[in-house]
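Everything on this sheet refers to the single structure shown next.
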Amino acid sequence: MDIKKTFETERLILKPTSENDAAFIFELLNSPKWLAFIGDRNVTSVESAKEYIKSRILPQFERLGYANYTVIRKSDQVKIGSCGLYDREGLEGVDIGFAFLPGYEGKGYGYEAANKIKNLAFDEFGIQEILAITAKNNHSSQKLLEKLGLKLNGTTRLPNEDEELLLYIIKKKS
């Protein structure tokens, strides 16, 4: 399978995140909601964003064939967010995640991108079950996960983290 495959929805392009996205990833990882709900990844420059992509994103593409996708709006080719499937330490299974720059929230892009990624997980990547984690006070993320069909399945903590997170799950329909 081509690990550098790009996918499309009606309004969006989902392109495997690469070092060329470093400036965008730097902006996204330092946006207010990312810092509040996902956490500080200590990406303090475009150069450190490039290192983050090389060490955290590209190895998973090599290993599994999927990881983080940069979400680009077709109408103007602007990078607006990211969405992907993550093999996250401390979770037994694959986790779906998404984040958008503040100016692009509330326009349905998150659902459009995450629904495409969910369908790819089941139909293209052979995944049988998708997990998701979110902060208890991240209500917009919870609503999106529920709209995608994920069900609340208790709470969890990631290794070396204090915060108790909500754990969602969806299984592939047989």
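Couple of notes before you dig in:
- Segment 121-174: C-alpha pair distances exceeding 13 Å, %: 61 percent
- Taking each residue as 0.36 nm, the span from Lys74 to Asn137 lengthens on full extension beyond its C-alpha to C-alpha distance by 19.5 nm.
- Fraction of accessible area attributable to carbon and sulfur, the chain (%, probe 1.4 Å): 48 percent
- Segment 1-96, accessible area per residue, ligands and nucleic acids excluded (1.4 Å, Å²): 50 Å²
- Within the chain, helix-based [θ] at 222 nm, where runs of 4 or more DSSP H residues each add -39,500 (n - 2.57), nearest 500: -7500 deg cm²/dmol
- Paramagnetic reach from Glu8 in segment 65-80 [backbone N under 20 Å; point 7 Å along Cα→Cβ]: 69-80
- Around Pro59: net Lys/Arg minus Asp/Glu count, Cβ-Cβ under 15 Å: +1
- Accessible area of Ser45 (1.4 Å probe, protein heavy atoms only, ligands and nucleic acids ignored): about 40 Å².
- Virtual spin-label span in nm between Thr156 and Arg56, 7 Å along Cα→Cβ: 1.7 nm
- Note on segment 1-160: antiparallel DSSP beta bridges, both residues inside, total approximately 90 percent of the bridges counted.
- Projecting the alpha carbon convex hull of segment 13-78 along each direction and taking the average yields 4.7 nm².
- With bins 5 Å wide beginning at 0, the percent of Cα pairs of segment 52-174 falling in each bin runs 2, 10, 20, 23, 22, 16, 5, 1, 0.
- The relative contact order of the chain, computed from alpha carbon pairs under 8 Å that lie at least 6 residues apart in sequence, is 18 percent.
The values are calculated or read from the model by the stated rules, or taken from the named source; none is laboratory data. Quick caveat, the model's predicted, so the values are computed rather than measured. Glycine also receives a Cβ, built like all others from the backbone with ideal geometry; neighbour counts cover every protein chain displayed. Just the protein is used for accessible areas: all its heavy atoms, side chains included, with ligands, DNA and RNA removed. Shrake-Rupley method; radii C 1.70, N 1.55, O 1.52, S 1.80 Å.
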